[in-house]
């Protein structure tokens, strides 16, 4: 067998660079990447790679990724987690550590996160902690993970009081987003992922939002070229913001548009009952209506966004959780400062701002959203 080529461009993949000095890395976006050893050519050869996946994704893709990794690693093992958001917890993290220790993993071990956002988040956090930090690679297999959670180095587990409350910033060495994996997604998961795509258009790039309006049907039909463009553009937008504000001290907060409401919704209904993207879809509607009430955008812009979210098949009304509970859970949000809740609000044509909002106004938006 001929050795694999080392030029990633030969993969027919789009390359998005996340520029962070010595922590810089590439995001490869394309079709047919999972089986191609050339996609992993940027990784330094090492003795051991550990694929961390779950019981749903592993049977579909783990053997294929293992085959592609054999040119870089002399030993490859697998850790398989149970599926679901409830796995983002201390016990699962400790199970990963137990496996790494049992396998005699050292600082030259590379973790491979193969799965959706839950697998990516907890693998990244394990990599940040194990022996004070080891390398990891993101191989996201859901639309939500490909466009959002796999890029930017946010890693975390949940706490009963709030989503992603315990974690670390730890950048991956490489992200490989193969849109062919999206054909295995349940319809509900695909639709949930569209929420994070819409987020970029709503809060960062108005032209992209217009493209989404015109191409939602292609994305829902799993058109490969449309998916590659949507993932690439989302990653480009996120990469630019992360490069300027890696640790979310300023501009990066706009990427949390809709998430203050969403995280409270997820915690309020119980993790896993609403998918993260479903909560984000509803959260964006609520955040845009809050922006409207505060005089930052027109009612026409808020309505336009709500229509796009509805067309994507996402929920636009909060679940059956009382408003007081949602407001209480939002007080624990990581964007709160000095005891004041702050929201990412829309402002201008394609911009967003992090700002406080009166609690009574937030409650009114929640109340009105149930009757609209």
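FYI, it's all coordinate maths here, none of it is from the lab. The structure displayed is predicted, hence computed values, not measured ones. With ideal geometry, Cβ positions are generated from the backbone for all residues, glycine too; neighbour counts draw on all protein chains shown.
Of note:
- Inter-probe distance in nm under a simple model that places probes 7 Å from Cα toward Cβ, at residue 98 and residue 371: 5.2 nm
- Order by protection proxy (mean Cβ within 10 Å, highest first), peptides 273-279, 201-207: 273-279, 201-207
- Chain lengthening between residue 220 and residue 35 when straightened (0.36 nm per residue, less Cα-Cα): 64.1 nm
- Within a Gaussian network of the chain (alpha carbon springs, distance under 10 Å), most fluctuating of 292, 85, 22: 22
- Fewest-first ranking of 327, 18, using other Cβ atoms within 10 Å as the exposure measure: 327, 18
- Cα shape, segment 8-183, gyration tensor, a/c 1.5 rule: rounded
- Stokes-Einstein D (µm²/s) once Rh is taken as the Kirkwood radius of the chain over alpha-carbon pairs, at 10 °C in 1.306 mPa s: 76 µm²/s
- Least to most buried among 95, 214 (fewest other Cβ within 10 Å first): 214, 95
- Over segment 187-371, Cα pairs under 8 Å with separation of 6+ residues give a relative contact order of 26 percent.
- Relative contact order [Cα under 8 Å, 6+ residues apart], the chain, whole percent: 14 percent
- The overall shape of segment 69-160, judged from the alpha-carbon gyration tensor, is oblate: a/c is not under 1.5, and a/b is no greater than b/c.
- Largest mean-square fluctuation among 146, 306, 91, in a Gaussian network model of the chain whose springs join Cα atoms under 10 Å apart, belongs to 91.
- In this label model, residue 353 and residue 183 are separated by 4.7 nm, measuring between points 7 Å along each Cα→Cβ vector.
- Relative contact order of segment 44-91, defined on C-alpha pairs under 8 angstrom at six or more residues apart (%): 51 percent
- Helix 206-220 and the longest principal axis of the C-alpha atoms of the chain enclose an angle of approximately 70°.
- With N counted as the residues of segment 187-371, its alpha-carbon radius of gyration over 2.2 N^0.38 Å works out to 0.97.
- Shape category assigned to segment 206-270 from the gyration tensor of Cα positions, a/c cut at 1.5: oblate
- On Cα atoms only, tilt of 259-269 relative to the major axis of the chain in degrees: 90 degrees
- From its DSSP helices (H runs of at least four residues, each -39,500 (n - 2.57)), the chain gives a residue-normalised ellipticity at 222 nm of -13500 deg cm²/dmol.
- For the peptides 68-81, 114-127, the ranking by mean Cβ contacts within 10 Å, running from highest to lowest, is 114-127, 68-81.
- For the chain, a Gaussian network of Cα nodes joined below 10 Å ranks 150, 234, 249 by mean-square fluctuation, and the top entry is 249.
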